[in-house]
1. For residue 360, put the label point 7 Å out on the Cα→Cβ axis and report which residues of the range 454-479 keep their amide N under 11 Å from it.
2. With each run of n ≥ 4 DSSP H residues scored as -39500 (n - 2.57), what mean residue ellipticity at 222 nm is computed for the chain after dividing by its residue count and rounding to the nearest 500 deg cm²/dmol?
3. Report for the chain the percent antiparallel among DSSP-assigned beta bridges with both residues inside it, nearest 5.
4. Could you compute the FRET efficiency for residue 371 and residue 103, with r as their C-beta to C-beta distance and R0 at 51 Å, rounded to 0.05?
5. In whole percent, what relative contact order does the range 227-304 give with Cα contacts below 8 Å and a gap of six or more residues?
6. Going by average Cβ neighbours within 10 Å, how do the peptides 262-270, 281-289, 397-405, 216-224 rank, with the highest at the top?
7. What relative contact order, as a whole-number percentage, does the chain give when Cα pairs under 8 Å and 6 or more residues apart are counted?
8. Which angle from 0 to 90°, rounded to the nearest 10, does the C-alpha axis of helix 438-452 make with the longest principal axis of the chain?
């Protein structure tokens, strides 16, 4: 294939699609560019069908540090484990691409997006979806596209929407909406916002859908130039007799599904499926049709659940569509931790724990993203035991990273600034029991933990997951979906926010033809669900606690002149380390002279502050100090006034009367009360006088002359002429 290029401008930015020159052994490869940000997206489709009961799509996003002109950190100096941002981007590509393949297609598909250039202005993530769509279609894969993804921001001053904002435009926006799909429908939504209304969010989504259609049109023009040859493929079709033998068990499946207890329901459904396999199929048929039988049994379960909701308006656990499961909320559940909250909704239970630390404990990021790090960290853990299963524990999976990021995004808009609350904040949500909506439970649990820790958030945040059952023109929107409604339903729509507005949103849609009217209804119903949950939360803890727990660090901020920073740090950090070791406090020094002092006790805090202020304070004549003797010389003692600042107490001022040796009066480590009597204006050297001088030890003064005479007489080259009776020779006679 010859090199084919399509360049175009949309919404004020330049884009480019290119194929035919790079990675020509792939099924399809497209170089996609926005500004100077360039990503190579490749797609490979295997020729063999796999015996899976799912579509085997894999998406990898490769962050190359050379794309931003940096060498990777760490010992190996090469890219290794994907960053959380890279993992989230891979998920973002997967979600709108997966629905575009036909049901029953089981060939493996691998999409790889590699960042070649990142210009520091245009993010590389959204253009990867268009690149993946184009790469699949260039290769003739059975993909129903084009598909595209856009990010929508909003100019706070003018209220105008911005498509694919630069990092600077995004920073100044009160909305970050990432939306993907085709010209006909939306398949994926991610959003973070500063408490915007449902109406504004809906307007942004509508605008985003129009922008997606414009990008799909440009992609279609590019593909028309390529004129790809569709690949031959087969759609796996099960033997029709499998469904015929299973459908008579429809009523039994409907009965098995009507159980509010998850484990009991799962056991009933599993037992029924085993019964169907044993009664409807012989051993040879079970061996030959294993995955097909499993797929048809899943279809039976799905059909029974959906019909029950559509026809009766009743859910598996007996709830109405808009009803929230019973709530159990306990703030301050654990002792000693800085803050925590137990949040349970039905059979989903999450324990969120908040830990406060110094700002220098923030998370540093080694990624292609311009952000150097983050001060607020939310982490979500989903161990196997929370669903009653056995499994391996290890690094967080993509789902855990995604759910953690959503809850983090939901709380960011309400956190206090660093100036008002100079702490690094980490919240860990442990899912102890799960039956759907655990990410929203972790959002609510995080709010409880922050409030229990005394973090002055501007408003509490709650979250709820919405579902959808759509059969033709029949549509039912479900509030607070449980696991079976997520797996067998058409939509997973998570909405977080305060009483004032939305702070985060995420949607995965399996139903084509999702209209704006349905989205509007879902947002309204979600608002009602969030309000109900928030009201229950505020009954247990109405506001952030006035005081932090005794185990939490207290952090105070002081400001010193920039030219005094080196004095506080000391050579090789000796001074600041000494303060920390002596007081037990933690000290974080900023380049502008801001110093954050943290300690778990007020005594340590005040001691550290006093030592720092003592260092930076210019000494004045007449000031009095209780100083430690840190050095002794023949001519006097050096007394430590503050860390890094000493003064000289001359031997003539260590006691009343004449002293032969300083050691007769002072020893290293002694603490003496001194006053400043002189400061050299050129060198800054400090002279001290001792207050409340003791009397010189008896015999100390008289011994000095003898010692001096003895030393003088014993000097090398000096003879004792008086001893041999000779008259000393006089010079210059």
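Throughout, read-outs are computed from the coordinates displayed, never taken from laboratory work. What you are looking at is a predicted structure, and each value in this text was computed from that prediction instead of being measured. Note that each Cβ is placed from the backbone with ideal geometry, even for glycine, and that neighbours are counted across all protein chains shown.
1. Answer for this model: none.
2. Calculated at 222 nm, the ellipticity per residue is -10000 deg cm²/dmol.
3. 90 percent
4. Numbers: r = 40 Å, r/R0 = 0.78.
In this case the efficiency is close to 0.80.
5. Details: 37 pairs, mean separation 32.5, N = 78.
For the range 227-304, the relative contact order is 42 percent.
6. Values: 262-270: 16.1, 281-289: 12.6, 397-405: 19.6, 216-224: 17.7.
Going by the mean number of other Cβ atoms within 10 Å, highest first, we get 397-405, 216-224, 262-270, 281-289.
7. On the way: 1512 pairs, mean separation 65.6, N = 733.
Relative contact order here is 9 percent.
8. 30 degrees
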